[in-house]
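Report on one structure; see the data block that follows.
The values are calculated or read from the model by the stated rules, or taken from the named source; none is laboratory data. Predicted model only: the values in this text are computed from it and were never measured. FYI the Cβ positions are ideal-geometry reconstructions off the backbone, even for glycines, and counts take in every protein chain you see.
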Amino acid sequence: MKLIIITLALFFSGNVFAHEHLRGFVKTVVEENAEQEIRPLPFATVHFAETAFGATTDEEGFFDLHKPNTDDTLILVVSYTGFVPDSIPIPPGKTEIEVVLATGVEIDEVMISRRLGMSYVSRLEPAHAEVITVSGLQVLACCNLGESFESSASVDVGYSDAVSGAQRIEMLGLDGIYSQIMFENIPNIRGLSSTYGFSYIPGPWMESIHISKGASSVLHGYESITGLINVDYKKPQDSEPLFVNAYFNNEGRYEGNLTSAIELSEKWSTMILSHLSTQQKKIDHNENTFLDIPLGTQLNLINRWNYEVEHKSHIQFGIHLLSEDRRGGQTDFDRERDYGTENSYGIGIETRKIQGFFKGGFAIPGSGHSSIATLATATYYDQSSFFGLNGYDGIQKSFNASALYNTQTGDHGHGISTGISYMWDDYSEHFNQTPYERVESVPGIFGEYTFNYEDEFSLVTGLRADHNSVYGWFVTPRMHLRYELNEDNILRGSLGRGFRTANIFAEHSPIMASSRELIISEELDAEEAWNYGVNFTRVMNLNNAREAVFNIDFYRTEFRNQIIADLDQNVREVVFYNLDGQSYSNSFQTDFTVEVLEGLEFYLAYRFNDVKATINGQLREIPFVNRHKGVVTATYETPFENWRFHIANQFNGPGRLPDSGGNPGRYSWDNYSPSHFLMQGQATRRFSNFEIYLGSENITNFMQPNPVIANDEPFGSHFDASIIWGPFTGRKVYGGLRYTFDQ
């Protein structure tokens with residue numbers, strides 16, 4: 001409460017809007033052939049000493065920086081890797097400056113291959129890592145994590161069914177359950193939260209999203225098979241005192257986000273991240289009597305703390321609280337009147353989550369380059385839901401902890417990380433009054449070796465062994481290789497094994513929005529798969545300090561066991577069983593990013609998926625996977641970034657749909673979904689300390705016809721709202737504002 005009061009006091013203080021600006025240009029002078037050439041320094045760091053006011057220069061070396069409200073002379077500190085830092089006095093009233101930095105000794109530090117604003121690819125990471133920045137997130141509506149990948153070809157996003165609003169993602173042609181979802185290397189979306197968890201991470205909370213394809217490090221556990229998505233939240237030690245985001249759209253969704261960071265002392269800082277969203281307007285674009293978007297309210301809150309003693313220790317801890325209610329189904333459904341009857345079809349989903357987390361890093365005195373890190377998280381997740389006459393309740397209690405020792409030897413080209421971990425999951429589920437309970441206790445041990453040779457060659461290889469109390473030993477080897485052919489061409493390779501335990505009710509909850517009978521035909525084993533990948537990156541230096549980046553990669557995933565959800569055997573059933581035969585995914589992607597003119601960036605990508613599994617004795621394509629995908633985006637920012645325009649075009653090729661031969665003609669569907677285009681765009685206007693934005697999703701108003709099969713007989717044997725392959729909500733227009741108080 002004290003933090004909120006302080007925040008509101010700052011917000012309403014009389015000098016909020018009184019900031020001046022300092023605009024400038026950072027450059028260096030290079031002498032070649034007895035001639036001097038001026039070169040801008042893009043992404044140089046500029047800040048006022050002993051204040052929180054800072055910025056970076058753009059691609060052309062320009063910056064626009066807020067000035068603190070003071071009559072004193074300020075000291076502007078300017079730094080850039082490989083150049084001598086400079087400190088310049090800025091007297092009151094001065095609003096423009098040019099800074100010339102002298103070349104200095106090159107510093108060996110991590111560089112990035114692309115830093116064009118929206119996203120970039122790390123040049124020195126052993127694994128291929130795409131990073132979506134704050135700028136990349138803000139050009140989208142980006143209400144939550146599930147809506148943050150519309151401009152990326154690496155991750156597909158869609159809805160799981162036509163009634164619940166549940167989002168699903170795909171990576172390498174496989175369901176998002178095979179990707180590890182973390183926040184700041186802490187396990188996050190897993191188990192029962194896999195269906196709705198992507199909507200529980202608000203976009204304005206995020207600093208960046210790291211996307212790594214293929215097997216991840218053994219330090220993260222054994223569950224990653226197709227990749228890792230790691231979300232960085234805003235942090236109390238380097239965030240603004242107050243940030244407010246308000247969002248609305250034409251379909252009646254309203255959302256507010258407030259984040260507030262306070263530095264309590266030299267060592268302590270704290271932060272609140274809060275979110276409130278509501279949908280109360282009934283939308284039925286296709287007039288099928290079913291709500292396209294469920295009604296409901298979400299309240300989401302994190303309080304995190306940071307304690308840091310430079311070069312000695314760094315501790316972070318916090319608590320995450322969530323409450324959400326969703327209501328959907330037919331437009332005339334009234335829960336008090338119709339629940340448990342066949343008067344009208346309705347759904348209700350109530351979710352409560354409490355999560356506590358702790359991270360600590362401690363340098364070992366006198367060891368030089370050794371440290372100990374600890375991590376722990378405890379989660380309570382409670383979901384109660386009904387879909388028509390189907391009922392599902394689930395409670396997950398989880399605890400995850402690890403301790404890691406890290407050291408560097410010799411000339412620091414060799415690194416060793418080793419540690420122990422423990423994971424405990426307690427699942428208590430009820431589907432139509434039938435209980436399903438499972439407790440897993442998993443102690444583990446792991447080690448990883450890293451070798452770097454002059455930034456040209458990197459090897460990371462690791463091994464972990466975990467003993468699952470239900471499924472026995474999981475032995476997980478992983479390896480990443482990186483070779484720099486030259487400073488502009490980089491080759492990477494990876495391989496690794498992964499395991500996971502299926503949670504069939506949570507992971508296949510869309511089936512509950514149908515009349516299908518759920519059948520478990522045998523005892524289900526743990527899933528196991530190998531992933532192999534290769535990636536090539538080429539960086540092309542253009543004129544005026546601009547770069548173009550070309551990527552091409554191929555990944556193959558081979559399952560040793562997979563839980564098959566068979567929708568083809570019988571149109572009125574979904575049958576679960578262990579894989580008996582082959583199951584694989586081949587995913588090829590190429591993309592190209594270039595800034596063709598000052599401030600104008602293009603991104604072009606193409607991806608091909610070949611994903612098959614043995615279903616009912618036949619090797620067939622996995623349903624709902626598009627074989628082809630293309631993405632073309634364009635982003636333009638005016639000088640000093642006063643205006644920003646973004647447009648994204650997405651092509652989705654055909655994907656196989658489950659067999660519908662057992663249904664009468666009017667309740668059947670095609671064998672493949674049709675190809676279709678989607679388009680979205682946004683314009684943003686920036687002012688001194690706030691910005692407004694206006695955009696549209698699904699600009700062409702493309703909608704999947706008949707998303708609810710047998711909508712006229714929702715309690716009949718042919719009803720199915722889970723055959724979803726495209727958008728069904730129509731064109732969406734949205735707007736909002738962002739306000740930053742950074743004194």
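State the number of residues belonging to the stretch 152-185 that are among the small types (G, A, S) and assigned to a strand (DSSP E or B).
2
Which condition number does E691 fail, the rest of (1) in contact with a Leu (Cβ under 8 Å, 6 or more places away or on another chain); (2) modelled with pLDDT of 95 or more being met?
That leaves (2) as the condition not met.
Restricting to the stretch 689-743, count the residues that are hydroxyl-bearing (S, T, Y), crowded, with 17+ Cβ neighbours inside 10 Å and more than 27 Å from A246 (Cα to Cα).
1
For residues that are among the β-branched types (V, I, T) and modelled with pLDDT of 95 or more, scanning just the stretch 291-314, find the one that is nearest to E266 (Cα to Cα). Give the steps one after another, and end with the answer.
So in the stretch 291-314, the residues among the β-branched types (V, I, T) come out as 293, 297, 302, 309.
Still in the list and also modelled with pLDDT of 95 or more: 297, 302.
On the way: T297: 38, I302: 22 Å.
Looking at residues that are among the β-branched types (V, I, T) and modelled with pLDDT of 95 or more, I get I302.
For residues that are more than 29 Å from the chain's Cα centre (by Cα), of a type outside the set (D, E) and part of a strand (DSSP E or B), tally how many sit in the stretch 419-437.
Residues of the stretch 419-437 that are more than 29 Å from the chain's Cα centre (by Cα), as a first pass: 430-437.
Those left that are additionally of a type outside the set (D, E): 430-436.
Keeping just the survivors that are part of a strand (DSSP E or B) gives 430-431, 434-436.
Of the residues in that region, 5 qualify.
Taking the stretch 630-650, which residues are of a type outside the set (V, I, T), buried (at least 19 other Cβ atoms within 10 Å of the Cβ) and under 19 Å from G158 (Cβ atoms)?
Across the stretch 630-650, the qualifying residues are A648, Q650.
Under 7 Å between Cβ atoms, at least 6 apart or on separate chains: pull out the pairs that start in the stretch 300-314 with a residue that is closer than 14 Å to G356 by Cα and surrounded by fewer than 18 Cβ atoms within 10 Å (Cβ to Cβ) and end on any residue that is at pLDDT 95 or above and hydrophobic (A, V, I, L, M, F, W, C).
What qualifies is L301/L321; N303/I272; N303/I319; W305/F317.
Determine whether T379 is in contact with a strand residue (DSSP E or B) (Cβ under 7 Å, 6 or more places away or on another chain) and either within 29 Å of W205 (Cβ to Cβ) or among the polar types (S, T, N, Q) (or both).
Here the answer is yes, as T379 does meet what is asked.
Condition check ((1) surrounded by fewer than 24 Cβ atoms within 10 Å (Cβ to Cβ); (2) modelled with pLDDT of 90 or more) across all residues:
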site: L140; (1), (2): yes, no
site: A162; (1), (2): no, yes
site: S179; (1), (2): no, yes
site: M182; (1), (2): yes, yes
site: S193; (1), (2): no, yes
site: S199; (1), (2): yes, yes
site: P202; (1), (2): no, yes
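Does the stretch 211-233 contain any residue that is of a type in the set (D, E), closer than 20 Å to A502 by Cα and out of contact with any Asp or Glu (no Cβ under 8 Å at 6 or more places or on another chain)?
Yes; the residues of the stretch 211-233 include at least one that is of a type in the set (D, E), closer than 20 Å to A502 by Cα and out of contact with any Asp or Glu (no Cβ under 8 Å at 6 or more places or on another chain).
Taking the stated definitions as given, is D568 more than 23 Å from the chain's Cα centre (by Cα), surrounded by 17 or more Cβ atoms within 10 Å (Cβ to Cβ) and assigned to a loop (DSSP other than H, G, I, E, B)?
Yes: the conditions hold for D568.
Checking N432 against (1) at pLDDT 95 or above; (2) exposed (fewer than 14 other Cβ atoms within 10 Å of the Cβ), only one condition comes out false. Which one?
Every listed condition holds for N432 apart from (1).
Inspect the stretch 660-682 for any residue being among the polar types (S, T, N, Q), touching a residue at least 40 places away in the same chain (Cβ under 8 Å), touching a Phe, Trp or Tyr at 6+ places or on another chain (Cβ under 8 Å) and not in a loop (DSSP other than H, G, I, E, B) and give the result as yes or no.
For the stretch 660-682, residues among the polar types (S, T, N, Q), touching a residue at least 40 places away in the same chain (Cβ under 8 Å), touching a Phe, Trp or Tyr at 6+ places or on another chain (Cβ under 8 Å) and not in a loop (DSSP other than H, G, I, E, B): present.
Across the stretch 499-520, which residue is nearest to N468 (Cα to Cα) among those that are of a type outside the set (D, E, K, R) and part of a strand (DSSP E or B)?
This residue is F499.
Among residues belonging to the stretch 396-407 that are surrounded by fewer than 18 Cβ atoms within 10 Å (Cβ to Cβ) and either under 19 Å from R500 (Cα atoms) or more than 27 Å from the chain's Cα centre (by Cα) (or both), point out the one that is modelled with the lowest pLDDT.
T407
Which ones in the stretch 521-564 are closer than 30 Å to M118 by Cα, assigned to a loop (DSSP other than H, G, I, E, B) and hydrophobic (A, V, I, L, M, F, W, C)?
L542
Let me confirm something: among R337, R326, which residue is of a type in the set (K, R) and either under 27 Å from D466 (Cβ atoms) or surrounded by fewer than 19 Cβ atoms within 10 Å (Cβ to Cβ) (or both)?
R337
Among what's in the stretch 456-492 and is charged (D, E, K, R) and exposed (fewer than 14 other Cβ atoms within 10 Å of the Cβ), pick the residue that is farthest from S421 (Cα to Cα).
E487
Please pick out the residue among L459, L463 that is touching a helix residue (DSSP H, G or I) at 6+ places or on another chain (Cβ under 7 Å), in the same structural domain as F505 (by TED's automatic domain parsing) and hydrophobic (A, V, I, L, M, F, W, C).
L463
Table: residues versus (1) among the hydroxyl-bearing types (S, T, Y); (2) modelled with pLDDT of 90 or more; (3) surrounded by 15 or more Cβ atoms within 10 Å (Cβ to Cβ).
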{"residue": "K359", "(1), (2), (3)": "no, yes, yes"}
{"residue": "G366", "(1), (2), (3)": "no, no, no"}
{"residue": "G388", "(1), (2), (3)": "no, yes, yes"}
{"residue": "D425", "(1), (2), (3)": "no, yes, yes"}
{"residue": "G444", "(1), (2), (3)": "no, yes, yes"}
{"residue": "N452", "(1), (2), (3)": "no, no, yes"}
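Condition check ((1) of a type in the set (A, V, I, L, M, F, W, C); (2) touching a helix residue (DSSP H, G or I) at 6+ places or on another chain (Cβ under 8 Å); (3) over 27 Å from R516 (Cα atoms); (4) assigned by TED's automatic domain parsing to the domain that holds A548) across all residues:
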residue	(1), (2), (3), (4)
G581	no, no, no, yes
G617	no, no, no, yes
A634	yes, no, yes, yes
G653	no, no, yes, yes
S660	no, yes, no, yes
N663	no, no, no, yes
Y667	no, no, no, yes
D670	no, no, no, yes
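Are any residues in the stretch 651-681 surrounded by 20 or more Cβ atoms within 10 Å (Cβ to Cβ), within 17 Å of N701 (Cβ to Cβ) and in contact with a Lys or Arg (Cβ under 8 Å, 6 or more places away or on another chain), and if so, which ones?
Answer for the stretch 651-681, where residues must be surrounded by 20 or more Cβ atoms within 10 Å (Cβ to Cβ), within 17 Å of N701 (Cβ to Cβ) and in contact with a Lys or Arg (Cβ under 8 Å, 6 or more places away or on another chain): just N652.
For H285, only one of the following conditions fails: (1) modelled with pLDDT under 95; (2) within 28 Å of the chain's Cα centre (by Cα). What is its number?
Evaluating H285 over (1) modelled with pLDDT under 95; (2) within 28 Å of the chain's Cα centre (by Cα) leaves (2) as the failure.
Regarding the stretch 234-241, can at least one residue be identified that is part of a strand (DSSP E or B) and in contact with a strand residue (DSSP E or B) (Cβ under 7 Å, 6 or more places away or on another chain)?
Checking the stretch 234-241: not a single residue is part of a strand (DSSP E or B) and in contact with a strand residue (DSSP E or B) (Cβ under 7 Å, 6 or more places away or on another chain).
With I177, I201 as the choices, which residue is more than 12 Å from the chain's Cα centre (by Cα) and not small (G, A, S)?
Working: I201 fails: more than 12 Å from the chain's Cα centre (by Cα).
Among I177, I201, only I177 is more than 12 Å from the chain's Cα centre (by Cα) and not small (G, A, S).
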